[in-house]
Amino acid sequence: MLSEPLLVQEFITLVRRTYPQEAKLLRHCYIKLVTVHWGQPPSRLDYLAIYCPGTTIDSISEQQAAWSHISRYMGLAEPTCINATRLLRDPKSKLKQEAPRFWLELHWLLPAQLPENP
């Protein structure tokens, strides 16, 4: 079975070869393979979650057809675009406690924010 980093890298490579202009948008994103078990009896469903800054979420979402085309070719379900800015700024989020490494990696996506009242 293929590992998560290998599948994510293959997705990025296919996007670069097939859609070179759209591939430039992925430089600002964090892509993660998500596996869920759905239905009765449970069946496995793999899809890509594309975490991107709030400033580029509209541009990334506009390319949903391109991402879906590549994902279907790879045998994955349709990818999901997620606003990382909103996820990290949510005061009720437990992401920092439950997945501290992932929380820190998402912080690399966001542009540096200066304090509002210095």
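The values are calculated or read from the model by the stated rules, or taken from the named source; none is laboratory data. Treat the numbers as computed from the prediction; the structure is a model and nothing was measured. In this analysis, Cβ positions are derived from the backbone assuming ideal geometry, glycine residues included, and neighbour counts consider all displayed protein chains.
General remarks:
- Options Arg101, Arg86, Arg44; residue that is surrounded by fewer than 16 Cβ atoms within 10 Å (Cβ to Cβ), part of a strand (DSSP E or B) and charged (D, E, K, R): Arg44
- Which numbered condition Ile12 fails, given (1) of a type in the set (A, V, I, L, M, F, W, C); (2) in a helix (DSSP H, G or I); (3) surrounded by 18 or more Cβ atoms within 10 Å (Cβ to Cβ): (3)
- Thr35 being of a type outside the set (Asp, Glu) and more than 19 Å from Pro5 (Cβ to Cβ): no
- Qualifying positions in the range 51-65 - out of contact with any Phe, Trp or Tyr (no Cβ under 7 Å at 6 or more places or on another chain) and surrounded by 12 or more Cβ atoms within 10 Å (Cβ to Cβ): Cys52, Pro53, Gly54, Thr55, Thr56, Ile57, Ser59, Ile60, Ser61, Glu62, Gln63, Gln64
- Search result, residues across the range 16-54 that are among the polar types (S, T, N, Q), without any contact (Cβ under 8 Å) to a residue 24 or more places away in the chain and under 20 Å from His69 (Cα atoms): Gln21, Thr35
Residues checked against (1) part of a loop (DSSP other than H, G, I, E, B); (2) modelled with pLDDT of 90 or more; (3) surrounded by 14 or more Cβ atoms within 10 Å (Cβ to Cβ):
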site: Trp67; (1), (2), (3): no, yes, yes
site: Arg72; (1), (2), (3): no, yes, no
site: Cys81; (1), (2), (3): no, yes, yes
site: Lys92; (1), (2), (3): yes, yes, no
site: Leu114; (1), (2), (3): yes, no, no
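- Lys96 falls short on exactly one of the conditions (1) assigned to a helix (DSSP H, G or I); (2) touching a residue at least 12 places away in the same chain (Cβ under 8 Å); (3) of a type outside the set (A, V, I, L, M, F, W, C), and that condition is (2).
- Cβ separations smaller than 9 Å between residues 6+ apart or across chains give the following pairs from the range 78-90 residues that are within 21 Å of Leu104 (Cβ to Cβ) to residues that are charged (D, E, K, R) and part of a helix (DSSP H, G or I): Leu88/Lys96.
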